[in-house]
Amino acid sequence: MRVCTIEQMQKLDKLTIEKYGVAGEILMERAGRWCALVAIDILKELDGKNVCVLAGRGNNGGDGFVVARYLHEIGYNVQIILVSEPDKLTGDALLNFNRAKDAKVPWQRFDSSIPQVDLIIDALLGTGISGAPRGELADAIEKINEIGAHGAMVIAVDIASGVNGDEGSAIGVAVNADATVTFGFPKLGQFIHPGRMLTGELFIGDIGLDKRAEDEVPTDYQVATIHDIAGLLPKRPDDGHKGTFGKSLIIAGSAGMTGAAAMASISLLRSGAGLCYTAVPRSLVDTLDCAATEAVVIPMPEVRKSRCHTLRALGELHKRAKTVDAVAIGPGLGTHTETCEMVQRFLIRLQKPVVIDADGLNALAGTIDDVIPKITAPSVMTPHVGELARLISMPIDDVARQKIQKATEWAEKLFTTLVIKGNPTFIADKNETIWINPTGNNGMATGGSGDVLTGLIAGFLAQGLVPRT
C-alpha cells in the first residue's frame, strides 16, 4: 500500500479537485463519514452515547463538523467545541459548520474545558502543522489527553493533532489517540515514533481520490501488507523433497555466542528451506548439535584460545558455498582480527546470494571504499542503526535522523538490499521505492531476534527468492 508524504497527499487532493473535477465538499463529506463509521463501532463497544468534537478552523475541523452531523443524526449526544472564532471559518469548513448548526448540533466556543464524555473526536490541526501547537490549540490538546487519561476514547481525524505527517515528530504537545482515521493513504509520519504511538489503531478511509491523480504522483514509500507478503512466498509443490526447497550455509558462532548460530539455523529451517549447513568453530560443535538438532553442523578450524573462525577455514567455506543455494554470515562470529579478515576475503569471492548481519557487518565497518565495492554476490544487509553507522562511517545520531531520507542512497553505496532494522523496519535498494515493515514491536527487543531474521531471509533466498537489487 502506498504511503504518502504530506506534499504528495496535497498534490493528490489538488489534482482530484482541480483537474479531475471532484468537489472538495464531496471529499470532506466522505472523510467525515468514514470517521463516523469508526466512531460508531467504538461507541458500540463502549456502550457509550456522549461525543465531543474538538474542531479547528481548517479542513480538519470541517471533517469534524461532518462527523458531528452524522453522529447527531443517528442519535448520539454530540457537542462541537470550536477552537477558533466562527468568523475565521472559510470554504468547505464553513459550509459544514453551517450544516451542523442547521442539523441542530449544539456547539460552543472553547473555554479551556472539555466535558467528560465517552468519545472525543480530534479535528483540530490535520497534516498541515508546522512547528509546535501554540495558545488555545495547545490547551485543547492537553485537555483531550487529560480526558483521554480518565477513560474517554480518542479518535484523530486524518492525523493526531501535533504530529508531523512526514517525520512522526511531535514538537510540543500532541494528541495521544486511541485510533486515527486517515484519508486516501497512510502518512509517513504515522509509522515513525513517536507519531506511530500517538496514532493508535490506524484506519484508512477511501475518500475517492482519482486514480489518474495517483498515476501522476510518484510513490516513494510502500507499507508491506499481509497481501503483499503472501504473494512473495515461494510455491511448494506437493511432491517436493528437501532438495526441492533449497540448501543454505550459515557461517556463525564463537565462544559464548553459540546461541546465535543455533537460532539462525532453526529459523532458516522454519522458513521452509530443505537443508541447513552451519559452520562453527570446532570446539562449539557439540553444543550446537544439541541446540539445533536439524542442522548439519560443520566443524571449522578455529583461533585456539578465542575459539572463533580463522583464515584457515576459507578453503573449506568456499567449497561448501559452491554446493548451496544461499549463504548467511555474521551471527555470533565475534570481531577477532582474523575472523574479520576471513569474512572480508570470503565475501569478495562469493557468488551465491548472501545475508550479511551482526558481526559480518562489523567486519565490513570502514571498508565502504575498498572491500564492499568488491562484493559482487547478490546481498541483503540487515543492520540496526548502530551497525549501519559503523558501516558507512557516520555518527549514529545522524544515521537515526536521516535513515528515511537516505536509505536508498546508502543501499546504493553498499551495493545491497538494505534492511534497516527497527520499529518500523525500512527496506531499500537502488530502486526509488522504500518499503516499510510496520510489524516490529517491543517484544522483539531481546537478544537473538536479529539472528532469527538472518536465518529466515537466508532460508527464503535458498528457496529461490531474490534480493530486489
Margin query: As a test of reading the structure, rank H227, H193, H72, H318 by solvent-accessible area (1.4 Å probe, protein chains only), most first.
Written below: H227, H193, H72, H318
Item checked: Summed side-chain charge close to T5 - residues other than T5 whose Cβ falls under 9 Å, Lys, Arg +1, Asp, Glu -1 -> -2
Next item on the list: Mind checking the per residue accessible area of the stretch 109-233 for me, 1.4 Å probe, whole number of Å²?
Entry: 42
Note to self: Exceeding 32 Å between C-alpha atoms, which entries from my cross-link table qualify? They are K14/K413; K44/K104; K187/K430; K19/K88.
What the structure shows: K14/K413
Notebook entry, point to check: By how many degrees, between 0 and 90 and to the nearest 10, does the Cα long axis of helix 91-102 differ from the longest principal axis of the chain?
Noted result: 60
Checklist line | Principal-axis tilt of helix 449-462 within the chain, Cα atoms, nearest 10 degrees | finding: 70
Item checked: Net charge over other residues, Cβ less than 12 angstrom from the Cβ of L249 (K, R count +1; D, E count -1) -> +3
Next item on the list: Express as a percent, rounded to the nearest 5, the fraction of DSSP beta bridges in the stretch 294-440 (both residues included) that run antiparallel.
Entry: 50
Item checked: Approximate spin-label separation D289-E146, in nm, with each point projected 7 Å along Cα-to-Cβ -> 6.9
Item checked: Distance from the stretch 405-469 to the stretch 101-134 (C-alpha centre basis), Å -> 40
Next item on the list: Tally the DSSP beta bridges in the chain and give the antiparallel ones as a percent, rounded to 5.
Entry: 15
Checklist line | Computed E for S393/D238 - FRET, C-beta separation, R0 45 angstrom, nearest 0.05 | finding: 0.35
Notebook entry, point to check: Which cross-chain or sequence-distant (5 or more) residues have an amide H under 5 Å from the amide H of I207, H modelled 1.01 Å from N in plane?
Noted result: G184
Next item on the list: Would you mind telling me the share, in percent, of accessible area of the chain contributed by carbon and sulfur at probe 1.4 angstrom?
Entry: 51
Check: Measuring from a point 7 Å past the Cα of E214 along Cα-to-C-beta, which residues in the stretch 1-28 have an amide N at less than 16 Å?
Finding: 1-5, 8-17, 20
Next item on the list: Label the stretch 352-421 by shape, choosing from rounded, prolate and oblate, from the square roots a ≥ b ≥ c of the eigenvalues of the Cα gyration tensor; if a/c is under 1.5 it is rounded, and otherwise prolate applies when a/b is larger than b/c, oblate when it is not.
Entry: prolate
Margin query: At 0.36 nm per residue, and after removing the present C-alpha to C-alpha distance, how many nm does the segment from L46 to K88 gain when stretched out fully?
Written below: 11.6 nm
Note to self: Helix-only estimate, please: 222 nm mean residue ellipticity of the chain, summing -39500 (n - 2.57) across DSSP H runs of length 4 or more and dividing by its residues, to the nearest 500.
What the structure shows: -11500 deg cm²/dmol
Check: What is the distance, in nm, between label points placed 7 Å from the Cα along the Cα-to-Cβ direction at L37 and at T335?
Finding: 5.2
Check: For the pair A132 and I171, how long in nm is the line joining their label points, each one 7 Å along Cα→Cβ?
Finding: 1.0
Check: Angle between the Cα long axis of helix 337-349 and the longest principal axis of the chain, 0 to 90 degrees, nearest 10?
Finding: 80
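The values are calculated or read from the model by the stated rules, or taken from the named source; none is laboratory data. These numbers come from a predicted model, not from an experiment. Here Cβ is always computed from backbone atoms with ideal geometry, including for glycine, and neighbour counts include all displayed protein chains. In case anyone asks, the SASA skips ligands and DNA or RNA and just uses the protein heavy atoms, side chains included. Shrake-Rupley method; radii C 1.70, N 1.55, O 1.52, S 1.80 Å.
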